[in-house]
1. Is it the case that E12 is acidic (D, E) and either surrounded by 22 or more Cβ atoms within 10 Å (Cβ to Cβ) or under 22 Å from D186 (Cβ atoms) (or both)?
2. Out of the residues in segment 177-218 that are among the hydrophobic types (A, V, I, L, M, F, W, C) and over 19 Å from the mean Cα position of the chain (by Cα), state the one that is most open to solvent (accessible area, probe 1.4 Å).
3. So which residues in segment 124-159 are open to solvent by 30 Å² or more (accessible area, probe 1.4 Å), farther than 14 Å from I48 by Cα and not in a helix (DSSP H, G or I)?
4. Hey, does segment 112-123 have a residue that's touching a residue at least 60 places away in the same chain (Cβ under 8 Å), within 17 Å of the chain's Cα centre (by Cα) and surrounded by 13 or more Cβ atoms within 10 Å (Cβ to Cβ)?
5. Considering each of T51, T22 in turn, give the residue that is in contact with a His (Cβ under 6 Å, 6 or more places away or on another chain), of a type outside the set (G, A, S) and at pLDDT 95 or above.
6. Quick test for you: out of T31, T17, T22, T51, pick the one residue that is within 17 Å of S216 (Cβ to Cβ) and either of a type outside the set (G, A, S) or buried (at least 23 other Cβ atoms within 10 Å of the Cβ) (or both).
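The values are calculated or read from the model by the stated rules, or taken from the named source; none is laboratory data. The structure presented is a predicted model; accordingly, all values stated were derived computationally and were not measured. For neighbour counting, all protein chains shown are included, and Cβ atoms are generated from backbone atoms with ideal geometry for every residue, glycine included. Surface areas here come from the heavy atoms of the whole protein model, side chains and all, with no ligands, DNA or RNA. Shrake-Rupley method; radii C 1.70, N 1.55, O 1.52, S 1.80 Å.
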Amino acid sequence: MYGLGEVCPGVEVEPGTNLLVTGPPMTGKRTLALEILAHGSRHGDGSIVVTTKDGGEDVRANLRELLGRGESGPLGIVDCVSKQQGTSPSGSDEITYASSPKDMTGIGIQLSEFLQAFYKDGGVKRNRILLHSLSTLLMYSNLQTVFRFLHVFTGRVQSADALGIFVIDATAHDRQTMSTLKQLFDGQIEVREADGGGSELRVKGVGGGTDWRPFSPD
């Protein structure tokens, strides 16, 4: 089982589960997703982040800040941003580069390479995989293309007995788009602004679900 950590205490999900993190901007969805990865990393799980919004170095710095100085599992980041912005970064053991968020074949290959490397180098069988953000993918490709890509991607998570976390800005897409994409996921973590300020979340469809509860992105 995969626990979701302090952000969702007591909630556990089966290996091979794909979760959609959905909500409006500025409610802490990204921090929530990174904290779920960090929780696993503290216990030796592998962490793989496909980032279509922030540079790989920034993602690594944010995750290390959450982890602190303790032991952590291996990290792999597929950066789909930096090359598209015209920089020519050189890859490393932890960060590889896709040409753009449209390079879905390259993203899939690099995901598989990280999974294989984690197992080959450290015998790591438990992995948490984050894709941030689906909204960016939908800016560059149509819904049908993104759906096909995600069908394969979520299947890869399932076959690897990993935990998949996928973030989307719910306010940026129409109801039909959201309804189509939700078919691919086992459950959701919904985030919203709380009445008194801050954010709150609830889990739907997995782990018994939860009622709305406070969540602090800080």
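1. So E12 fits the description; yes.
2. Taking the candidates together, the pick is W212.
3. Passing the criteria: only N142.
4. The answer is yes; a qualifying residue exists.
5. Just a single option satisfies the conditions, and that option is T51.
6. One residue alone meets the criteria, T31.
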